[in-house]
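A short worksheet on the structure shown next.
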Amino acid sequence: MQQRAETGKDCLPFTTSATDRTEQTVGKPRTVDREKAITGDRIFKWMTTGFAFSILIILGLMLFQMAGESWPALKQFGWQFVTGRDWDAVQGHFGALPYLYGSVVSSVLALLLATPLSIGAAIFITEIAPKRLGSLIAPLVELLAAIPSVIYGLWGVLVMAPWLQSTVEPFLIERFGFLPFFQGAPYGVSMLAAVFILMIMVVPIITSITREVLLAVPQSQKEAAIALGATRWETIMMAVLPYGRSGIMGAAILGLGRAVGETMAVTMVIGNAPQISASLLSPAYTMPSVIANEFAEAVSKLHTAALMEIGLMLLVVTLIINALARLLIWGVTKDSSGGAA
Amino acid sequence: MNNKVQLDQVNIHFGKTHAVKNVSILFPENSVTAIIGPSGCGKSTLLRSINRMHDLFPSARVEGRILVDGSDIYDKGVDPVSIRRRVGMVFQKPNPFPAMSIYDNVIAGYKLNGRMVKSEADDIVETSLKRVALWEEVKDRLKTNAMNLSGGQQQRLCIARTIAVKPEVILMDEPASALDPISTLKIEELIEELKERYTIIIVTHNMQQAARVSDYTAFLYMGELVECGETKKIFTTPEQKQTEDYITGRFG
């Protein structure tokens, strides 16, 4: 002890006070110091526990508050609020199914279109493109994620919707009009427009996260496939994508989360008609849109409560999506220890 | 004996680094040749040129001729993918595919040939695993994840995966350096058996290993071939002073 303290003094001048203390207390238990350290540990533990639980508490408070605010609607309509299709503020009928339908369908379809596109883009950036081109594209993609959604909405309603109305929708009606999804008149603003705008908005998110995931695939995995005589495509399918599959799924879920909660851009292009139609060409409505559109003009208590209950539904739907996604990831990866998380 | 692989005045550059300098070696068929030398002498670089793994790095440049069965694998019009199916490779760290079962790992490379019936795949998996002496250990859990195996088992699995493709030459880049002594011994025994069917070129920094497993040895130093010949001769009566100094442990 003495020896070590002295060498410590020699080479580390700033430990002088510590060594002095050590010399004084050689042989004696350093109770005061230890107790202080233990107390510090304990405080630290309680602090971090507190931080962690504060998140749960905030969530709980939000649920409680929203349930309280929406109580009049909950009491009056019960389950009919979720299953009902009528939304009439004047008569006092509130059924939110069209909003639920609009939110789920637009988000899920957008995700189905965006995920393969994003994975393809991420593969191009990380595996195919020359390094310089890849590192040029990657930040541009991330820049897309930073564009405010109102700008997407503006572009959507002024540029994309007219184009859909004049070109894409007539084509779909003509060629695929026998399908229930492409029937009716071309309005431009429609479920289809919402799906497209959401797709464009979530592609950058999914792409940039997938890119990170693919960059984390070790070179040894790729070399394993290449040494077996795999082509570039086979290497990606055999080694790269399976290694990153849970991370890619996580990326898609983040994209879905964004799509479900997206308000502004969707409100601008979806047409805001509370109806349930199999046709993607008809206007629809989503949960965030109806809240944004109506909260300012809600005068009756019941109307406010109904909007609040839609907010509650949106929160619950988001929680369910996240839970399902976690189950999905867990189901796919529980059998293996490897892969990027 | 036939010379399966022949290096003829091979030079390898990485950007401005001249990693391998004018190396010419013959690798006889159905034999084990060890490439030894101190760290950074270019032995792995040389090895990886024999199945065109350097193609992955744009900065790498291979000059000279590398002949497999008499034809230059770097000739224009030669498909590197087809070369790699004839010249397999086992890496330093076991690298099974983590998302696959033991069974799928073994068949992964063979599957690339295209469609096959299940009985054929079963056969390939069984023969390959038997050949690496892993069959008895894993036959009851072929469908479980490959990452549950020990390091030594994983490395033998990777060798099984390589021979399932039916290569003619197997390159091994320090295949036992990440393993414990018992697993190392198993790999060495395996190499001894594999040379009946394949031509094996093994890079190792462990001289005892080279002496135990190889028929021929090439000593590389600073990117240059110092000496090569029968292992017995290299380890008992080397011609070059440098070789003697290295194998007696005076440097390296």
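Take the residues in region B:76-103 that are within 11 Å of chain A (Cβ to nearest Cβ) and open to solvent by 50 Å² or more (accessible area, probe 1.4 Å), then tell me which one is nearest to the chain's Cα centre (by Cα).
Selected residue: B:Q92.
Restricting to region A:283-328, name every residue that is modelled with pLDDT under 90 and either in a loop (DSSP other than H, G, I, E, B) or of a type in the set (D, E, K, R) (or both).
A:E297, A:A298, A:V299, A:S300, A:K301, A:R326, listed by residue number.
For A:L192, which of the numbered conditions (1) within 30 Å of A:A284 (Cβ to Cβ); (2) open to solvent by 50 Å² or more (accessible area, probe 1.4 Å) fails to hold?
Failing condition for A:L192: (2).
Can you work out which of the residues in region B:58-75 that are over 20 Å from B:N3 (Cβ atoms) and either of a type in the set (V, I, T) or assigned to a strand (DSSP E or B) (or both) is farthest from the other protein chains (Cβ to nearest Cβ)?
B:E63
Could you tell me whether region B:49-57 includes any residue that is at the interface with chain A (Cβ under 9 Å from one of its Cβ atoms), under 18 Å from A:W233 (Cβ atoms), free of Cβ contacts under 8 Å to residues at least 24 places away in the same chain and not in a loop (DSSP other than H, G, I, E, B)?
yes
Within region A:124-222, which helices (runs of 4 or more DSSP H) (wholly inside it) include 3 or more residues that are under 27 Å from the mean Cα position of the chain (by Cα)?
Correct list: A:131-145, A:149-155, A:191-215.
Is it the case that A:V157 is within 16 Å of A:S282 (Cα to Cα), touching a residue at least 12 places away in the same chain (Cβ under 8 Å) and among the β-branched types (V, I, T)?
yes
Go through (1) facing chain B (nearest Cβ under 10 Å); (2) surrounded by fewer than 20 Cβ atoms within 10 Å (Cβ to Cβ); (3) among the aromatic types (F, W, Y) for A:W233 and report which single condition fails.
Just one mismatch for A:W233, condition (1).
So, in region B:121-131, exactly how many residues are buried (at least 18 other Cβ atoms within 10 Å of the Cβ) and within 11 Å of B:V106 (Cα to Cα)?
Looking only at that region, the number is 4.
Hey, can you tell me all the residues within region B:34-57 that are in contact with a helix residue (DSSP H, G or I) (Cβ under 9 Å, 6 or more places away or on another chain), open to solvent by less than 30 Å² (accessible area, probe 1.4 Å) and over 14 Å from B:I73 (Cα atoms)?
B:A34, B:I35, B:I36, B:G37, B:P38, B:T45
How many of the residues in region B:100-128 are small (G, A, S), under 18 Å from A:E234 (Cβ atoms) and in contact with a Ser or Thr (Cβ under 9 Å, 6 or more places away or on another chain)?
Summing the residues that are small (G, A, S), under 18 Å from A:E234 (Cβ atoms) and in contact with a Ser or Thr (Cβ under 9 Å, 6 or more places away or on another chain) in region B:100-128 gives 1.
Can you tell me how many residues within region A:236-258 are open to solvent by 40 Å² or more (accessible area, probe 1.4 Å) and either more than 9 Å from chain B (Cβ to nearest Cβ) or free of Cβ contacts under 8 Å to residues at least 12 places away in the same chain (or both)?
4
The values are calculated or read from the model by the stated rules, or taken from the named source; none is laboratory data. This structure is a prediction, so every number in the text was calculated from the model and none was measured. FYI the Cβ positions are ideal-geometry reconstructions off the backbone, even for glycines, and counts take in every protein chain you see. The area values use the complete protein model at the heavy-atom level, side chains included, leaving out ligands, DNA and RNA. Shrake-Rupley method; radii C 1.70, N 1.55, O 1.52, S 1.80 Å.
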